Amino acid sequence: MEGTNTVQYRKAKPWQLYLFSIHDLLLICFLFVMNYITYLGAGYYGLLATTVAMIATASRIFDAITDPIIAFIVERTDGKFGRYRPTMILGWIISAIALLCIYFFAVGANVVTFVLIYAVYVIGYSFMMTSQGGARVAFTNEPVQRNRLGLFMGIATSLFSVGFTFYNTNYLVPKHNGVIDLGTMQELCLTMLVASFIILVLTVISIWDRDVPENYRSLSKEKVSPKDMFKVMKGNRNFQMILVACASDRIAMNIAMNTSVIIAVWGIIAGNYEFYGRLGLIVFIPNILVSIFGNQIAIKMGKRTALRNFSIGSVVAGCLMIALFTLGDPTQIGRTIPMTVIFLLIHCTFQACMGVTNGLRMPMLADVADYEMSRNGGKQIAGVISAAYSLVDKTIVAFATTIVGFVYAGIGYVTTLPQIGDPVTGSLVTVTMVLWMGLPIVGYILSIIAMKFYTLDNATMEEVQAKLTAMKAEAGTQNAAQ
């Protein structure tokens, strides 16, 4: 394989890189709202908490099934405004209308209406997510920029999460008398819709000259088909390892960050929910500094090494956190200096490691898409790979809400969910620690194992990009001859 001088990289401008790094926040806005769906269904649609949890699980499985269908729609979109911008906008419109219906216009309706609106929301969300997956590959193929994009995405997500948490715990919930009622959820819904619209506009601007045919069309004349997705799932070992590493982390962290689990940890066990709201602000700078350090490691040593090392750090920090909450007095966190300092050290370590691993997920998936294109004859299937990842990822993550609902139902929360100020019991502490830190530890252990079989290091990706450059040059020569 030729050296780096044969590689043709498409670099984005710095302002585009910064602006595009917020695109994941579009999905996060909707996820923040839908985190309260169990409270909405149980409190205002007359459903049992476990029933809503099962509906949420079924909807995610439906989401996973629709992703491949939507991926083929996205991959065949090729109009005046590109491929990813129109489908991303369409997805936002569909999901926004569904949220307004489920949180405002249809409140109190029957379970069938609830499920149908939920299904419409899922279709819109799939359009947004699939479009973003393809856009990331088209945006840049330069290794350092892909790493930087992952870093900036992580910083943007951290900053947004900090702002949301502070807004939620120090403004929104107190404004509504310290409870999560319909008014709380409706105000949150409107706030997130406005925020997501602004993010959508900025994302579309950032990819305006990147969402063009030369960046997303296949080099092969063969049409993309459903069998391409199954070929990737069956025969691409690197894709399989990314799936194991990321899906295991994602279901664990979805459970750990579930609203019910967070309320149980901070509103009941620690008894200091307001401190949780300030926590993000306290640790934001340390987390960012470690994330920058981790990104430098990823650039120099490769994404695989960075993912493995920071997963090990997450496992150690998670074990220490469980020890702190079970052997120490968590009610002193935020109230006394020793417990607060110890907690902050462990928490910063865990969050920073998690930020680095999360930031590596999408750049590694983009590498897998380029690797697959280099070995399948030049067929561009970035959207299909994103959908294939999503199909399995969402099916697994779908069970997060159900797991939380049934685990808490098993200790007595059948018709309600944990609320701030509930009594602390041994069973509550045990299951909450398992959900909050135990499952993430298992997820990171699986990531460490998966990286032993992942082969796309820096040298390999340089070869992949050189091969793609040669294939593009050959395709250009053939087109010119015709």
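The values are calculated or read from the model by the stated rules, or taken from the named source; none is laboratory data. It should be emphasised that the depicted structure is a prediction, and the values quoted were computed from it without experimental measurement. Note that each Cβ is placed from the backbone with ideal geometry, even for glycine, and that neighbours are counted across all protein chains shown. Accessible surface areas use protein heavy atoms only, side chains included; no ligands, DNA or RNA. Shrake-Rupley method; radii C 1.70, N 1.55, O 1.52, S 1.80 Å.
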Quiz item: Identify, please: which residue in the range 175-230 is open to solvent by 20 Å² or more (accessible area, probe 1.4 Å) and of a type in the set (Asp, Glu) and is, among those, modelled with the lowest pLDDT?
Solution: Glu222
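Matching residues to (1) open to solvent by less than 50 Å² (accessible area, probe 1.4 Å); (2) farther than 20 Å from Ala450 by Cβ; (3) out of contact with any His (no Cβ under 6 Å at 6 or more places or on another chain); (4) in a helix (DSSP H, G or I):
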residue: Val232; (1), (2), (3), (4): yes, no, yes, yes
residue: Ile251; (1), (2), (3), (4): yes, no, yes, yes
residue: Ile255; (1), (2), (3), (4): yes, no, yes, yes
residue: Gly271; (1), (2), (3), (4): yes, yes, yes, no
residue: Glu274; (1), (2), (3), (4): no, yes, yes, yes
Exercise. Evaluate the following for Ile55: is it more than 19 Å from the chain's Cα centre (by Cα) and either closer than 18 Å to Val212 by Cα or among the aliphatic types (A, V, I, L, M) (or both)?
Key: yes
Quiz item: Where residues in the range 66-111 are under 26 Å from Leu190 (Cβ atoms), β-branched (Val, Ile, Thr) and surrounded by fewer than 20 Cβ atoms within 10 Å (Cβ to Cβ), which of them is modelled with the lowest pLDDT?
Solution: Val111
Quiz item: Within the set of pairs 6 or more residues apart or between chains, which connect a residue that is at pLDDT 75 or above inside the range 371-386 to a residue that is surrounded by fewer than 24 Cβ atoms within 10 Å (Cβ to Cβ) and among the basic types (Lys, Arg) with Cβ atoms less than 7 Å apart?
Solution: Met373/Lys379; Ser374/Lys467
Quiz item: Can you pull out the residues in the range 407-416 that are in a helix (DSSP H, G or I) and open to solvent by 30 Å² or more (accessible area, probe 1.4 Å)?
Solution: Val407
Quiz item: What is the number of the single condition among (1) more than 18 Å from Gly91 (Cβ to Cβ); (2) of a type in the set (Gly, Ala, Ser); (3) in contact with a helix residue (DSSP H, G or I) (Cβ under 7 Å, 6 or more places away or on another chain) that Ala109 does not meet?
Solution: (3)
Exercise. Taking Thr130 as meeting all but one of (1) surrounded by fewer than 21 Cβ atoms within 10 Å (Cβ to Cβ); (2) within 16 Å of the chain's Cα centre (by Cα), write down the number of the exception.
Key: (1)
Quiz item: For the range 307-342, what are the residues that are among the hydroxyl-bearing types (Ser, Thr, Tyr) and under 23 Å from Leu243 (Cα atoms)?
Solution: Ser311, Ser314
Practice problem: Determine which member of the set Ala473, Ala400 is modelled with pLDDT under 85, surrounded by fewer than 16 Cβ atoms within 10 Å (Cβ to Cβ) and of a type in the set (A, V, I, L, M, F, W, C). | Solution: Ala473
Quiz item: What about Val283, is it open to solvent by 10 Å² or more (accessible area, probe 1.4 Å), of a type in the set (Val, Ile, Thr) and either under 18 Å from Asn170 (Cα atoms) or assigned to a helix (DSSP H, G or I) (or both)?
Solution: no
Quiz item: Residue check: is Tyr444 part of a loop (DSSP other than H, G, I, E, B), buried (at least 19 other Cβ atoms within 10 Å of the Cβ), within 23 Å of the chain's Cα centre (by Cα) and among the hydroxyl-bearing types (Ser, Thr, Tyr)?
Solution: no
Exercise. Report whether or not Gln419 is buried (at least 22 other Cβ atoms within 10 Å of the Cβ) and not aliphatic (A, V, I, L, M).
Key: no
Quiz item: Out of (1) surrounded by fewer than 23 Cβ atoms within 10 Å (Cβ to Cβ); (2) under 19 Å from the mean Cα position of the chain (by Cα), what's the single condition that is false for Pro143?
Solution: (2)
Exercise. Collect the residues in the range 1-55 that are modelled with pLDDT of 80 or more, closer than 25 Å to Leu149 by Cβ and assigned to a loop (DSSP other than H, G, I, E, B), keeping them in residue-number order.
Key: Lys11, Ala12, Lys13, Ser21, Ile22, His23
Quiz item: Take the residues of the range 422-433 that are of a type in the set (A, V, I, L, M, F, W, C) and surrounded by 17 or more Cβ atoms within 10 Å (Cβ to Cβ): which is nearest to the chain's Cα centre (by Cα)?
Solution: Met433
Exercise. Go through the range 447-457 residue by residue and tally those that are open to solvent by 20 Å² or more (accessible area, probe 1.4 Å) and within 23 Å of Met354 (Cβ to Cβ).
Key: 5
Exercise. Exactly one condition in (1) among the aliphatic types (A, V, I, L, M); (2) at pLDDT 90 or above; (3) touching a Lys or Arg at 6+ places or on another chain (Cβ under 9 Å) is not met by Met321; state its number.
Key: (3)
Quiz item: If we scan the range 266-277, do we find a residue that is of a type in the set (Asp, Glu), over 21 Å from the mean Cα position of the chain (by Cα) and modelled with pLDDT under 75?
Solution: no
Quiz item: Which of the residues belonging to the range 325-338 are surrounded by fewer than 18 Cβ atoms within 10 Å (Cβ to Cβ) and of a type outside the set (S, T, N, Q)?
Solution: Leu327, Gly328, Asp329, Arg335, Ile337, Pro338
Quiz item: Are there any pairs with C-beta distances below 9 angstrom linking a residue in the range 104-120 that is part of a loop (DSSP other than H, G, I, E, B) to a residue that is of a type in the set (Ser, Thr, Tyr), with the two at least 6 apart or on different chains, and if so which?
Solution: Ala106/Tyr45; Ala106/Thr113; Val107/Tyr44; Val107/Tyr45; Gly108/Tyr44; Gly108/Tyr45; Ala109/Tyr45; Asn110/Tyr45
